[in-house]
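Take a look at the structure set out below.
Here, each number is a calculation from the coordinates, and none is a lab measurement. Treat the numbers as computed from the prediction; the structure is a model and nothing was measured. Reconstructed Cβ throughout: ideal geometry from the backbone, glycine too, with neighbour counts over all protein chains shown.
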Amino acid sequence: MATARNLMISAFPARLAYGMISLGIYFKVQQATHSIAAAGLAVGLNGAAGAFTAGPRGAIIDRLGMKWPLRFLVPSYATLILIFNAGHSRNYLITLAFILGFTAPPINLSVRPLWKITVPSDLLRSALAIDTAIMNTVGVFGPVIVTFLALSKNPLWALYLCAALMYIGGFALMSLPVTRSFVPEKKEKDSSALWRVPAVQILAIEGAFIGLGMGAWDIGVPAFATLKHQPHLAGTILAIMAGAIVLGGFLAGLISRQTSSLAALRKIYLGWFVVSIPLAATNPGLTMFIVTACIGLLGGGLQVFYWEVIEAVRPKGSQSGTLGWLWTIEGTMSAIGASLGGFISQHFSPRYCFLTMTGTIAIGLIIITLGRKRLHAADRAPSDDEDTEALGDVISNTD
């Protein structure tokens, strides 16, 4: 258990840095250029570049292990943050933000396979549920910390701290014996290429729609709160969502191991769609708090079984690659959804962003239902190994 504890502690600073970077970029660009549009463009390009390259980074880990990718990308990323922080012009900052996304270290893609060799089988769900809670917690506290520093008398300290945390966490993760000794899973002979696997195709299509809806949601919440002259409620709503996701993941971990991953996924997916229906009729305040909590609760449980399904259907030797490529698709569509959500919110109403989210969840449910025969390998209780991989992945779609 000491190894598992060290793994959690080592990865924490780098994960916190990831929780800070988007708002750190936003405030830096907005303060330097006095343009919200430029700040939004910088954040969007950074996120798109990071999402677009998640697949290749995962594939590299599957081929080479995690030692060399971390050795190269951790110092490159942290140094580029400092270079970005020293800039002042609009074009310079936007360009650096885009380049920065390409160098994002695969922190979570590295942590994910390590649980299989660090945690005893009888303690897997408990340990990984705690890790999930930590991951979602930094997603709440990271933005709070960077906002406080960016709006202080010394705003440069926001990204200084972000770079320092990436250096500390990245090198701490690299220094662990379990990281250095990690050997990628061997591919089976004559196995199909990743994108020729029908089950992966189904998950990719589903992820594209969910990414689009979640991107619209991410913009719709702050836009709606601002238009209602209650911008402070945006952070509260997002924090409720994050907290509910944590709780949902814990509760899913208590479900009997005899439950079919695919059957549980479809049932929770249906509930997720039902609780999202009232979302477009809510307003920032109590009604949105309640609906958001329900969406987060079921969404957190859904993630557990979603990753179990991935582990059951992915080709052998693609531990990080499958997840990385699915993140590439979902993250890219999320960036598109955020861009469309901003336009929709400004020219129409943020409520249409929430309708988009509900609609994409409905489409995702239909895709999973119609494609259940292609996902038949997951229509059983997960093995210990799949359990390990699945719970290790219930985290933000960042690297």
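For segment 2-180, the ratio of Cα radius of gyration to the globular rule of thumb 2.2 N^0.38 Å stands at 1.05. All C-alpha pair distances within segment 24-120, sorted into 5 Å bins from zero, spread as 2, 14, 21, 19, 15, 11, 8, 5, 3, 1, 0 percent across the bins. I'd like the distance separating the alpha-carbon centroids of segment 256-305 and segment 341-368, in whole Å. Here the answer is 16 Å between Cα centres. Residue ranges 67-80, 86-99, 350-363, 301-314 sort as 301-314, 350-363, 67-80, 86-99 when ordered by packing (mean number of other C-beta atoms within 10 Å per residue, highest first). Rounded to the nearest whole Hz, the Karplus-based 3J(HN,Hα) values (6.51 cos²θ - 1.76 cosθ + 1.60, θ = phi - 60°) of segment 288-303 follow the sequence 6, 4, 5, 5, 4, 4, 5, 4, x, 4, 6, x, x, x, 4, 4, with x at glycine and proline.
Highest mean packing first, where packing is the average number of other Cβ atoms within 10 Å per residue, the peptides 284-295, 165-176, 14-25 line up as 14-25, 165-176, 284-295. Ordering 143-151, 241-249, 367-375 by mean Cβ neighbour count within 10 Å, with the highest value first, yields 241-249, 143-151, 367-375.
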